[in-house]
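The numbers here are math on the coordinates, done by the rules we state, and not lab data. For clarity, every value in this text was computed on a predicted model and none was experimentally measured. No Cβ is skipped: glycine too gets one built from the backbone with ideal geometry, and neighbour counts run over all protein chains shown.
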């Protein structure tokens with residue numbers, strides 16, 4: 001892996017307990033990537049944000065997460081992961097540049113899976129331009145203001161500094177009915193992004209229950225010691241990001 005990118009995976013869950021299936025996927029990521037830590041941010045732990053004003057006004061949690069993801073990677077670097085990603089293989093072979101983005105379709109990136117080094121200009125541009133985009137895009141909705149549309153506009157300014165990976169490695173099911181998807185159908189994928197479909201939880205739980213998707217036990221200390229901001233069973237709480245970054249190797 002590019003040593004400039006810290007081995008810290010960042011997640012965001014607004015408050016309370018992360019559903020068991022999603023908490024299990026975080027533990028699976030740590031088991032597959034044994035040199036990594038996971039930092040699960042929540043409303044309790046995000047602290048004052050540069051873009052606190054948009055964060056407070058946004059009433060949809062997925063878009064609150066957008067505000068958080070840009071700022072935390074700008075400050076700390078690492079790898080952002082949405083909870084609806086199924087980890088299949090170690091991701092380090094993909095992280096070979098200062099910024100790595102995953103295409104969901106040719107030429108279009110998804111901000112649910114990306115990585116960057118701390119302080120990269122691309123990440124700080126996402127932070128510094130967000131308030132203006134939020135104010136100017138009120139008639140277009142949160143996706144345009146702070147979400148994937150905004151992410152892609154900024155990415156277009158940095159194309160010569162960004163490494164991109166093709167859809168088949170993270171987003172092989174983009175634009176296809178979730179009912180037709182099977183994580184095992186793409187053996188070359190590193191992750192499968194299911195885009196939080198309503199069918200995600202029961203389908204993934206069936207894989208887990210059938211033993212097709214190995215999940216570390218909640219008592220597995222080799223995983224739990226690398227989990228910050230969330231208990232092994234999914235309860236969010238305080239997060240010491242310095243400790244999480246320092247623990248990663």
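Some notes on this structure:
- Theoretical FRET efficiency, 1/(1+(r/R0)^6), r = Cβ-Cβ of residue 4 and residue 224, R0 45 Å, to 0.05: 0.95
- Taken along its principal axes, the alpha carbon cloud of the stretch 15-57 reaches lengths of 37, 23, 14 Å, longest axis first.
- Efficiency of FRET between residue 205 and residue 156 - r from beta-carbon atoms, R0 51 angstrom, step 0.05: 0.85
- Label point 7 Å beyond Cα of residue 233 along Cβ direction - residues of the stretch 30-48 with amide nitrogen under 16 Å: none
- Here the residues 243, 131, ranked from fewest to most Cβ neighbours within 10 Å of their Cβ, fall in the order 243, 131.
- Over all pairs of different C-alpha atoms, the stretch 40-176 has a mean inverse distance whose reciprocal, the Kirkwood radius, equals 15.2 Å.
- Percent of C-alpha pairs per 10 Å bin in the stretch 46-109, short distances first: 16, 44, 32, 8.
- Full extension of the chain segment joining residue 140 with residue 217 gains 23.3 nm, where the gain is 0.36 nm per residue of separation less the Cα-Cα distance.
- Spin-label pair residue 188-residue 240: with each label point 7 Å from Cα along the Cα-Cβ axis, the two points sit 4.4 nm from one another.
- P(r) histogram, all alpha-carbon pairs of the chain included - 10 Å bins from 0, percent: 7, 33, 39, 19, 2
- Gap separating the Cα centres of the stretch 113-132 and the stretch 1-33, nearest whole Å: 20 Å
- Helix content alone sets the calculated 222 nm mean residue ellipticity of the chain: runs of n ≥ 4 DSSP H residues at -39500 (n - 2.57) each, divided across all residues, give -9000 deg cm²/dmol.
- Calculated on the Cα set of the stretch 189-249, radius of gyration then Dmax: 14.4, 38 Å.
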